[in-house]
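Every number here is computed from the coordinates shown, using simple stated rules; none is lab data. Quick caveat, the model's predicted, so the values are computed rather than measured. Here Cβ is always computed from backbone atoms with ideal geometry, including for glycine, and neighbour counts include all displayed protein chains.
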Amino acid sequence: MPPADVIATLAAYLQQAGAREQQLVHWHSVPARPGQCAPWPQWVHPQVVAALTTAGVQSLWQHQAEAVDAVAAGRHVVVATGTGSGKSLVGWLPVLSALTAAAETSGSVAAWRCRPTALYLAPTKALAADQLASLQRLIAAGGLPVAAETCDGDTDAQARAWVRAHADIVLTNPDFLHHSLLPGQRRWQRLLRQLRVVIVDECHSYRGVFGAHVALVLRRLLRLARRAGANPTVVCASATVAEPAASAARLLGVSPTEIVPITRDTSPRGAQLVALWQPSIARPAGAGTSPAAAAESPAGQVTRISATSEAARLAARFTHLGAQSLVFVRSRAAAETVSETVQRWLAAAAPRPSDGPPGGPLREPGAVAAYRGGYLPEERRALEAALRAGQLRALATTSALELGIDINGLDAVITAGWPGSRSSLRQQAGRAGRAGARGLAVFVAGADPLDQYLLHHPEAFLADVEATVFDPGNWHVLAPHLCAAAAEAPLTREDYRLFDLPDSTLLHELAAAGLLRARPGGWYWNYSQPTRPSALTDLRGAAHTLPIVRADTGVVVGQASAGTRADATLHPGALYLHQGQLYLVVELHDDYVLVRPTAEPGWRTRARSRTSIDILEPTATAAASAGGQWHTGKVAVREQVTHYDRRQVPDGQILSAHPLELPERSLTTTAVWWTVSSDEWQRLGLTEAQLPGALHAAEHAAIAMLPLLATCDRWDLGGLSTAWHPQTGQATIFVHDALPGGAGFAARGFAARHEWMQATADLVASCPCQAGCPSCIQSPKCGNGNEPLDKEAAARLLRAFARATAPATQPSDAAETNKGRERGGGT
């Protein structure tokens, strides 16, 4: 049996263990908060009130009452309150009440056809399925005359026909809207004609290119509903969205004044403890536990084990102490690694404190599992059920479980490495202590520069969440949606504002490409095209998938996206981990990957690449003091994976490098770049020999820190530094979006260049290493093996960049020039 206060037990362990090797860097306590109730609005149907009472909901929280009244009045609402605060009910209550009232008067077929309908959108199928289960329990509790069902890519034709004909509430995802419902709108007229409410759950997850796609899908949906005679109210919900009204307005294509933001959370919250944790010190084989035995890097930096390995140790210890926990990791492979490691520790005799979780008999290894994308739907549902039932005591997961799937009673959440944004971190931490219980959240910092910066700057770690960055005006994203919209209904001038079109230029370009046709009634899709317009784009930016096949049996063990990602992770010689089994990649082809099982070799692989950048079209330029120039615009990036390293586990030391022969990949995207004149770098005391290492180190640190300002991950970015670029004629640093057409991240860096450079300079200056380390200027994705790097010279450059971009020294906005089509960062 777990102890009576497992959170106190975990906290005591962390405070005691964290003192040994300075692992507990910061301890933060969030106090409990009492709830504030409100009476049921008079318009809510008594039968719905009875159903909620039966389900255990005795009254509304004050923020819920405020929100449902706004929805009932036909106002768009964004509910930006904490996890477990009842955001979904804001959408369900008006719909259930209206449907129950309509059932009393819908004796005729005509009246039945006029029943209101609702659409619920989730970013994942798992979340939609979880919401359906909760909704159906509520409907059953009150015997409500409501039919709710999911409909997505997994729904068969017969079930889809039933949903079209009978469902009052349809739960789905943006992908199904784009590929099926909107193109087949004539078959969905019953839903569209009476569409009363659209619920957009976890709206903070719609960012970058995916966010731009979803914004355009939502606008297409609202356009068709209005053409069918409806005027739906939209309810956006998120526990971690910054600038709620502005973000929701950007999704819907309306003014922020048309959105009612609900931000004051009146639900009860249990106390939460937050620990910022440094991994334990790595020791050579056979070394003791004293600090003197710690491994050191050549630069004198104490080497620590990886965040993933440390998270596994904590998860095993927490399980032993009776806690139920989630471990969030950055990759599918890491989820498998944590699960396998914890199971191994639980199955073995308890190791020494320096090697793993100490003391006593541990729980059975079957109480631990991994959860990630790539599993079959039935596997994921079984894991979710086992977690809810308490059968799973520790679950290692990717961001697949970050969103609001209803899992109560979790004691602790461990986040291994910065998840890409404060928004994601809050979503993950919010899993601990849901439903008013106490909880513990532990952030385990990796060697990544941003991790280390935030570990030692808790004020930045605990600051408000970032603004959601996405740009629906990105022409690479917008063009295929205009084609899809034209196929759904001809585009006219009345649609320009909805789709952020300043004029008809893009429509003329699409017509010139043979995709659209101009007619007196508007712009029409060219049906002589061999493909459907919805097939012109993938909302999630995924390349086609490659099956991963066992060479000895022909069994498919997994799948992965083709292109640069496959080149970097599934090249010949790479290690691939699935369900605890290691595989060695034998061959990588255009349409499949061959692997064979292998024993644990004691190393992992990481790819290296070569990059070049051509400037295609600057869209904005700003001068800085000291003669530098800052630019943002369109670039062409050419990248080729050329080598891979074998890296020792757990410390990541490079053992060997191996050449590869893989094709060059090309990407047209957006970038921010800035130049350094020869006068400036010479004034700083840099020599020509030092310059490449200074630029390279500054580039790495800048890429690492941009996610502090934009809702992205360093893996969403790329970069290049050169002592002389043929187009600028000067030393130049580039940072670019790693997505076709761009996602607004680089443009955000251009707009916030002083804050960006100041944080980057602070990071490098505060790192205690002598010559550079993974916590400041070394990059895990460097195509040049992190050579050359010069930390001291980079620090001088970065201080100069911060001074040169300071507001007092920057030119006025009038001095900035814009060229070509401005499709900025959407921030």
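Of note:
- For the chain, C37, C114, C151, C483, C712, C782 stand unpaired, since no other cysteine beta carbon lies under 4.7 Å from theirs.
- Footprinting exposure proxy for D495, D591 (fewest neighbouring C-beta atoms within 10 Å first): D591, D495
- Cβ crowding within 10 Å averaged over residues, with 637-644, 36-43 ranked highest first: 637-644, 36-43
- Phi angles of region 507-519 translate, via the Karplus equation with coefficients 6.51, -1.76, 1.60 and θ = phi - 60°, into HN-Hα couplings of 5, 5, 5, 5, 5, 5, 7, x, 8, 10, 10, 8, 10 Hz per residue; Gly and Pro are given as x.
- The modelled label-to-label distance for the pair R565/D5, using points 7 Å beyond Cα in the direction of Cβ, is 4.5 nm.
- If you bin all the Cα-Cα distances of region 37-262 at 5 Å, starting from zero, the percentages per bin are 1, 7, 15, 20, 22, 17, 11, 5, 1, 0.
- DSSP-defined antiparallel bridges as percent of all bridges, the chain, nearest 5: 60 percent
- Backbone HN-Hα couplings from phi across region 657-662 [Karplus 6.51/-1.76/1.60, Hz, Gly and Pro as x]: 10, 9, x, 10, 10, 10
- Look at the alpha carbon pairs under 8 Å that are at least 6 residues apart: their mean separation over the length of region 475-536 gives a relative contact order of 42 percent.
- Extension gain from A165 to R540, taking 0.36 nm per residue of separation minus the Cα-Cα distance: 132.1 nm
- Couplings 3J(HN,Hα) of region 121-132, computed from phi: 10, 10, x, 9, 5, 4, 5, 4, 5, 5, 5, 4 Hz, in residue order, whole Hz [Karplus 6.51 cos²θ - 1.76 cosθ + 1.60, θ = phi - 60°; x for Gly and Pro].
- Where (i) 51; (ii) 64; (iii) 46 are the candidate values, the label of the one calculated here for percent of Cα pairs over 37 Å apart is (iii).
- Each of V557, V469 was scored by other Cβ atoms within 10 Å of its Cβ. Listed from fewest to most, they are V557, V469.
- The distance between label points at L376 and R683 comes to 6.7 nm (points 7 Å beyond Cα on the Cα→Cβ vector).
- Using a Förster distance of 56 Å, the FRET efficiency for R187-A348 (Cβ separation, nearest 0.05): 0.45
- Using the Cβ-Cβ distance between D464 and S29 with R0 set to 25 Å, the FRET efficiency works out to roughly 0.85.
- With a Förster radius of 30 Å applied to the C-beta separation of I654 and Q22, the computed FRET efficiency comes to 0.70.
- Cα-based shape type of region 95-192, given that a ≥ b ≥ c are square roots of the gyration tensor eigenvalues and the cut on a/c is 1.5: oblate
- Ordered by the count of other Cβ atoms within 10 Å of each Cβ, fewest first, F801, F210 give F210, F801.
- Note that region 545-601 shows a convex hull volume over its alpha carbon atoms of 70 Å³ per residue.
- For region 140-182: rounded, prolate or oblate by the Cα gyration tensor [a/c cutoff 1.5]: prolate
- Helices in the chain, meaning DSSP H runs of at least 4 residues, each add -39500 (n - 2.57). Divided by all residues, the mean residue ellipticity at 222 nm is -9500 deg cm²/dmol.
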